[in-house]
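Asks: This is the structure, below, for whatever I ask next.
Read-outs: derived from the displayed coordinates by stated rules, not from any lab. In this text, all values refer to a predicted model and were calculated from it rather than measured experimentally. Here the Cβ is made from the backbone with ideal geometry for all residues, glycine too, and neighbour counts use every protein chain on show.
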Amino acid sequence: MTEVTEDKNKAIVLEAFDTLFNKRDYDKAEKYWSADYIQHSAHIEPGREGLFSLIRSLPAEFRHEVDLVMADGDMVLVRGRFTGHGLPAPWIAADFVRMEDGVLKEHWDIIENEVSREASVSGLPMYGDSFPEDR
């Protein structure tokens, strides 16, 4: 039962992220985010409307790509890349979402700028198998 719930939660979060971040379908996105959504991110205003307002303010080119999704009970982790936000470097993010009754209820994130080959001390890309300048 837990595995089924975790798979369902992962699918909901992936659809929610695509609906809001890539498709910009705010009406449909409302069904995925709780009306009393709790936002712990330091760069997003409180609640569902804080998140939606931020996305509305971003350029049309803004996109989210998923690299990894994992679930443990009601917690879902999405590792991905945000591009097209108008800042000098894409963001590599780990988004943690707590699900409740089939909707996104609470969110935390860890975000860092994606680095170039020259800036990578490890010599490895942060996302996928190529550096931003190679794409």
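Asks: Just one of (1) within 18 Å of the chain's Cα centre (by Cα); (2) small (Gly, Ala, Ser); (3) farther than 19 Å from Val66 by Cα trips up Gly128, so point out which.
Replies: (3)
Asks: May I ask you to list the residues in segment 56-79 that are in a strand (DSSP E or B) and either closer than 17 Å to His43 by Cα or among the hydroxyl-bearing types (Ser, Thr, Tyr) (or both)?
Replies: Of everything in segment 56-79, just one residue is in a strand (DSSP E or B) and either closer than 17 Å to His43 by Cα or among the hydroxyl-bearing types (Ser, Thr, Tyr) (or both), namely His64.
Asks: Sticking with this one: I'm checking my understanding of the structure. Among residues of segment 96-113 that are in a strand (DSSP E or B) and among the charged types (D, E, K, R), which one is farthest from Thr83 (Cα to Cα)?
Replies: Glu100
Asks: So which residues in segment 10-55 are more than 14 Å from the chain's Cα centre (by Cα), assigned to a helix (DSSP H, G or I) and over 19 Å from Ile110 (Cα atoms)?
Replies: If the condition is that a residue be more than 14 Å from the chain's Cα centre (by Cα), assigned to a helix (DSSP H, G or I) and over 19 Å from Ile110 (Cα atoms), then Tyr26, Asp27, Lys28, Glu49, Ser53 are the ones that fit.
Asks: Right, another one. What pairs come out if I take residues in segment 62-74 that are under 11 Å from Phe21 (Cα atoms) and pair them with residues that are hydrophobic (A, V, I, L, M, F, W, C) and not in a strand (DSSP E or B) whose C-beta lies under 9 Å away, six or more apart or interchain?
Replies: Within 9 Å, the pairs are Phe62/Phe21; Phe62/Ile55; Arg63/Phe21; His64/Phe17; His64/Leu20; His64/Phe21.
Asks: Hey, another quick one. Out of Phe52, Phe82, Phe131, report the one residue that is more than 17 Å from Asn22 (Cβ to Cβ), surrounded by 15 or more Cβ atoms within 10 Å (Cβ to Cβ), of a type in the set (Phe, Trp, Tyr) and touching an Asp or Glu at 6+ places or on another chain (Cβ under 9 Å).
Replies: Phe131
Asks: Can you tell me which residue is farthest from Asp95 (Cα to Cα) among those in segment 28-47 that are of a type in the set (A, V, I, L, M, F, W, C) and buried (at least 17 other Cβ atoms within 10 Å of the Cβ)?
Replies: Among residues in segment 28-47 that are of a type in the set (A, V, I, L, M, F, W, C) and buried (at least 17 other Cβ atoms within 10 Å of the Cβ), the one farthest from Asp95 (Cα to Cα) is Ala29.
Asks: If only one of Arg63, Arg98 is charged (D, E, K, R) and either touching a helix residue (DSSP H, G or I) at 6+ places or on another chain (Cβ under 8 Å) or loosely packed, with under 13 Cβ neighbours inside 10 Å (or both), which one is it?
Replies: Sole residue among the options that is charged (D, E, K, R) and either touching a helix residue (DSSP H, G or I) at 6+ places or on another chain (Cβ under 8 Å) or loosely packed, with under 13 Cβ neighbours inside 10 Å (or both): Arg63.
Asks: Follow-up. Under 6 Å by Cβ, and 6 or more places apart or on different chains, what pairs join a residue from segment 121-135 that is in a loop (DSSP other than H, G, I, E, B) with one that is of a type in the set (S, T, N, Q)?
Replies: Phe131/Ser116
Asks: Write out, first by first residue and then by second, each pair whose Cβ atoms fall under 6 Å of each other, whose residues are 6+ apart or on separate chains, and whose first residue, in segment 23-36, is over 22 Å from Glu61 (Cβ atoms) while the second is small (Gly, Ala, Ser).
Replies: Taking only residues 6 or more apart or on different chains, the pairs are Tyr32/Ala16.
Asks: Sticking with this structure for a sec: Condition test on Ala94, is it under 13 Å from the mean Cα position of the chain (by Cα) and free of Cβ contacts under 8 Å to residues at least 24 places away in the same chain?
Replies: yes
Asks: Looking only at segment 81-95, how many residues end up being within 22 Å of Arg117 (Cβ to Cβ) and in a loop (DSSP other than H, G, I, E, B)?
Replies: Here the count works out to 6.
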